[in-house]
Amino acid sequence: MAAAYIMKTYILKKQSKASILNDSNGFSLTELMAAISIVGILSAIALPNYFNQVNRTRQNEAASTISQIQTTIATYADEFGLLPGSWADLNSVNAVMTDTGPSKKDSFEAIKLAGGHYEVAISQSANLFTITSTSSNTPNLNIIACINLTNGASAVSKGTNSDAAETPNCG
């Protein structure tokens, strides 16, 4: 009787050790594949939205700088009684920053704004200044602005992912 009891206890201990060794705290291959699939699906949804938001933020930053340029053009005309003819003229009132510092070009040819994501150029016809800005990465997210020093009109038009901006009417 005692031998049978000892043998039964020995078998139970051996079974409990075996079950402890077979039970692991890790993940099965199926659980791991399910988790990877869920992360992949969420990434496929989230990453394009993230990059779209980054591009829109860059566009808004460039639009803010263009609005500053519009104000600087009007300020220059008020301050000196002359129309500005270059980026260097505008810098005498308010700096237009590039990656290398204030733009000092003697014309309104294209410059890259600080950050290097947008190029800005100004064209002038009498008292009407048109400011165009484009991004090489996202061409539809362009910005076109105008300021008319005769009637005081100004406007900013921003493109979307599907449609590029059109020239606003400041006439």
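With respect to the conditions (1) more than 22 Å from ASN55 (Cβ to Cβ); (2) within 17 Å of the chain's Cα centre (by Cα), SER136 falls short on a single one, namely (1). Answer yes or no: is there a residue in segment 44-58 that is closer than 30 Å to GLY159 by Cα, open to solvent by less than 50 Å² (accessible area, probe 1.4 Å) and either under 30 Å from the mean Cα position of the chain (by Cα) or among the hydrophobic types (A, V, I, L, M, F, W, C) (or both). Among the residues of segment 44-58, at least one is closer than 30 Å to GLY159 by Cα, open to solvent by less than 50 Å² (accessible area, probe 1.4 Å) and either under 30 Å from the mean Cα position of the chain (by Cα) or among the hydrophobic types (A, V, I, L, M, F, W, C) (or both), which makes the answer yes. Taken over segment 104-117, residues that are touching a Lys or Arg at 6+ places or on another chain (Cβ under 9 Å) and assigned to a loop (DSSP other than H, G, I, E, B) amount to 2. Does ILE73 satisfy the criteria of being in contact (Cβ under 8 Å) with a residue 60 or more places away in the chain and either within 18 Å of GLU166 (Cα to Cα) or charged (D, E, K, R) (or both)? It is false that ILE73 is in contact (Cβ under 8 Å) with a residue 60 or more places away in the chain and either within 18 Å of GLU166 (Cα to Cα) or charged (D, E, K, R) (or both). The residues of segment 61-99 that are in a helix (DSSP H, G or I), among the polar types (S, T, N, Q), surrounded by 13 or more Cβ atoms within 10 Å (Cβ to Cβ) and at pLDDT 95 or above, listed by number, are THR65, SER67, GLN68, GLN70, THR71, THR72, THR75. Exactly one residue out of ASN148, ASN137 is over 21 Å from ASP89 (Cα atoms) and either free of Cβ contacts under 8 Å to residues at least 24 places away in the same chain or open to solvent by 60 Å² or more (accessible area, probe 1.4 Å) (or both): that is ASN137.
Considering (1) outside any strand (DSSP E or B); (2) more than 13 Å from THR65 (Cα to Cα); (3) in contact with a Pro (Cβ under 8 Å, 6 or more places away or on another chain), the lone condition that SER157 does not fulfil carries the number (1). Taking the residues in segment 100-120 that are within 23 Å of GLU166 (Cα to Cα) and open to solvent by 30 Å² or more (accessible area, probe 1.4 Å) as candidates, determine which candidate is nearest to the chain's Cα centre (by Cα). Among them, the one singled out is HIS117.
The values are calculated or read from the model by the stated rules, or taken from the named source; none is laboratory data. Treat the numbers as computed from the prediction; the structure is a model and nothing was measured. We place every Cβ from the backbone using ideal geometry, glycine too, and count neighbours over all the protein chains shown. The accessibility values were calculated without ligands, DNA or RNA, using every heavy atom of the protein model including side chains. Shrake-Rupley method; radii C 1.70, N 1.55, O 1.52, S 1.80 Å.
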